[in-house]
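Quick notes on the structure that follows.
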Amino acid sequence: MDTELAVAYDRCRELHRRHGRTYYLATRLLPAWKRRHVHALYGFTRYADEIVDRTDGLSVAERASRLDDWAGRFLAGLHGEQVDDPLLPAVLHTIAVFDLDRNDFAAFLKSMAMDLTVSSYPSYPHLLDYMEGSAAAIGTMMLPILGSSDPVAAREPARQLGFAFQLTNFIRDVGEDLARGRTYLPDEDLDRFGVTRHELAEASARGRA
């Protein structure tokens, strides 16, 4: 492995170790040669999330521009161009090694862009559209790396597991998402149970469920 690629994998591993500690520890259950590829996928998703959610001093337009620029470099790399980036070489190498579906990555980036402009979802089907990229695509990205004796049969369970993880995160992070001006609990469900965003914000401020 050349130096640039090794550094990119190390960068992804460090992002994973720092920000996804439980998930990072779970990779220890995988064969050693597979771990770096999981780190690469985590690094890809985490870096995009950092652009969207960890650049509070920038306007929405500036964050969108940064995301577009990074996505452009990623797409250029997929087409064989040399990429000057601290982690994309590892991501592109992982995609090549496992022949991962490029559409999953496009769907993920679409959902990240939605986070810049969409603050709520009127119904669960609308939320599912977002989760196709933010959740289901992650499940199908991971499937070839984890391996399966029947990849076709395993595809839908992998997608559903992605949805399950994402929905759990939405429930866990209601207060954090409110602070960013977003609500992932569908409007029709909040209405059905008589819950307002004001009540959610009050509960979050008081440290209550």
* Asked: What accessible surface, in Å², does a 1.4 Å probe find on D187, ignoring ligands, DNA and RNA and rounding to the nearest 10?
  -> 40 Å²
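Only Cα pairs under 8 Å and at least 6 apart count here; give the relative contact order of the chain as a rounded whole percent.
Working: 201 pairs, mean separation 38.9, N = 209.
Result for the chain is 19 percent.
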* To do: Might you report the magnitude of the Cβ-based charge dipole of the stretch 77-209 about its Cα centre, with Lys and Arg at +1 and Asp and Glu at -1, to the nearest 20 debye?
  => 340 debye
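The values are calculated or read from the model by the stated rules, or taken from the named source; none is laboratory data. Nothing here was measured: the structure is a model prediction, and the numbers come from that model. Every residue, glycine among them, receives a Cβ derived from its backbone with ideal geometry; neighbour counts consider all protein chains shown. Note: accessible area is taken over every heavy atom of the protein model, side chains too, but ligands, DNA and RNA are not part of it. Shrake-Rupley method; radii C 1.70, N 1.55, O 1.52, S 1.80 Å.
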